[in-house]
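K.L.:
There's a structure below that I have some questions on.
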Amino acid sequence: MPNNPLILSGKEVSLAVKSDLNVRIEKLKEKGVIPGLTAVLVGEDPASQVYVRSKERQSAKLGFNSQVLRLDASTSQDELLKVVQDLNQDEKVHGILVQLPLPKHIDSQLIIETINPEKDVDGFHPVSVGKLVLDLDGFVSCTPAGILEIMKYYKIETSGKHVVVVGRSNIVGKPMANLMIQKKDLGNATVTLVHTRTPDMGVHTRQADILIAAAGVPEFITEDMVKDGAVIIDVGINRVDDASREKGYRLVGDVDFTAVSEKCAAITPVPGGVGPMTIAMLLSNTVKSAENSLK
Ligand code: NAD
């Protein structure tokens, strides 16, 4: 009999998140505050352009005061620092995001550390990361925060479960593992984090009650690496060549969706899974920052 896993639709959850945000935005407007989000894009990386356009469109749809500063790829580090410092001072701007990757001649970490932590809606500043680890209120990196929302919406139990995270990036793997070990309802998990230096990764992934794949390798989590009845969260967004598509490529996750669907209890699709949540949480962090500005 074919297995019919629950499809964890980030599209659906993101609509619910945005609908809640609408109520909070109205309350802010009554107090004369319009959430302001400024994205800074340096250069013409095609994927970054797509992401920034989408962030711009969605924040405008919610009635944000949103703008994108598009800077030339030759912008110097000092010029970019000045742009960020000016945004730090601008009271209308509650959220600043500098789209990564930056051109090689710019020190990304320095730029991130220059953003006022109170406007760090991406959650990349060391202050935000520190607060996350200490379980203090702050801005949580949008992708892991979005995964928590998916878990909350679909009532996925994490307490006492074995969560295996694949990938140790600063923006997904590390914050995700930290969130899952927090002493709270959406946490309390036993966490294993595997990465490129883990020998025989399958030994670990096969033990996962919840498997979170964030490696950026197309469809490399295969059926034999997954336990029966596991919950699969696929963070990967990978372009693979596909001549049958108009664009010449299609998007796939890190998980072999068709094969793994035969075994798991629930799975996020790509696209339409974690992706829409990342932007929803960016909007949510910006509304939170706007609310904080009234305190
Ligand atoms: P990254 O390249 O910064 O980090 C990938 C991590 O995976 C590294 O720590 C590396 O050690 C590990 N890794 C790579 N290959 C591996 C392998 N074969 N076995 C085990 N570990 C391996 O990437 P990232 O920024 O964390 O993003 C990961 C993926 O998620 C990418 O496909 C990216 O496009 C996607 N992503 C999606 C969203 C979203 O909104 N859905 C957001 C951010 C990133």
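The values are calculated or read from the model by the stated rules, or taken from the named source; none is laboratory data. Note that this is a predicted model, so its numbers are computed, not measured. Cβ atoms come from the backbone with ideal geometry, glycine included; neighbour counts cover every protein chain shown. The area values use the complete protein model at the heavy-atom level, side chains included, leaving out ligands, DNA and RNA. Shrake-Rupley method; radii C 1.70, N 1.55, O 1.52, S 1.80 Å.
K.L.:
In this structure, does Ala213 turn out to be open to solvent by less than 10 Å² (accessible area, probe 1.4 Å), aliphatic (A, V, I, L, M) and in contact with a Leu (Cβ under 6 Å, 6 or more places away or on another chain)?
P.N.:
Numbers: open to solvent by less than 10 Å² (accessible area, probe 1.4 Å): yes; aliphatic (A, V, I, L, M): yes; in contact with a Leu (Cβ under 6 Å, 6 or more places away or on another chain): no.
Spelling it out, it is not the case that Ala213 is open to solvent by less than 10 Å² (accessible area, probe 1.4 Å), aliphatic (A, V, I, L, M) and in contact with a Leu (Cβ under 6 Å, 6 or more places away or on another chain).
K.L.:
Any residue at all in the range 219-235 that's within 15 Å of the ligand (Cβ to nearest atom), at positive phi and open to solvent by 20 Å² or more (accessible area, probe 1.4 Å)?
P.N.:
Within the range 219-235, one or more residues are within 15 Å of the ligand (Cβ to nearest atom), at positive phi and open to solvent by 20 Å² or more (accessible area, probe 1.4 Å).
K.L.:
Something else now. Would you please list the contacts, defined by Cβ atoms under 7 Å and residues six or more apart or on different chains, that run from a residue in the range 23-45 that is assigned to a loop (DSSP other than H, G, I, E, B) to a residue that is modelled with pLDDT of 95 or more and open to solvent by 80 Å² or more (accessible area, probe 1.4 Å)?
P.N.:
Partner pairs satisfying both residue conditions: Lys31/Leu294; Val33/Leu294; Asp45/Pro101.
K.L.:
If you go through the range 256-278 one residue at a time, do you hit one that is open to solvent by 60 Å² or more (accessible area, probe 1.4 Å), without any contact (Cβ under 8 Å) to a residue 60 or more places away in the chain and assigned to a strand (DSSP E or B)? Working first, answer last.
P.N.:
So in the range 256-278, the residues open to solvent by 60 Å² or more (accessible area, probe 1.4 Å) come out as 257-258, 262, 271.
Pick out the ones that are also without any contact (Cβ under 8 Å) to a residue 60 or more places away in the chain and you get 257-258, 271.
From what is left, the residues that are assigned to a strand (DSSP E or B) are none.
Checking the range 256-278: not a single residue is open to solvent by 60 Å² or more (accessible area, probe 1.4 Å), without any contact (Cβ under 8 Å) to a residue 60 or more places away in the chain and assigned to a strand (DSSP E or B).
K.L.:
List every residue pair whose Cβ atoms lie under 7 Å apart, where the two residues are 6 or more positions apart in sequence or sit on different chains, the first residue falls within the range 47-67 and is in contact (Cβ under 8 Å) with a residue 60 or more places away in the chain, and the second residue, located anywhere, is of a type in the set (Lys, Arg).
P.N.:
Matching pairs, first to second residue: Leu62/Lys18.
K.L.:
Looking at Pro5, Pro35 in this structure, which one is in contact with a Cys (Cβ under 6 Å, 6 or more places away or on another chain), under 30 Å from Lys155 (Cβ atoms) and surrounded by 13 or more Cβ atoms within 10 Å (Cβ to Cβ)? So that I can check it myself, show each step before the final result.
P.N.:
Details: Pro35 fails: in contact with a Cys (Cβ under 6 Å, 6 or more places away or on another chain).
Only one candidate passes the filter, namely Pro5.
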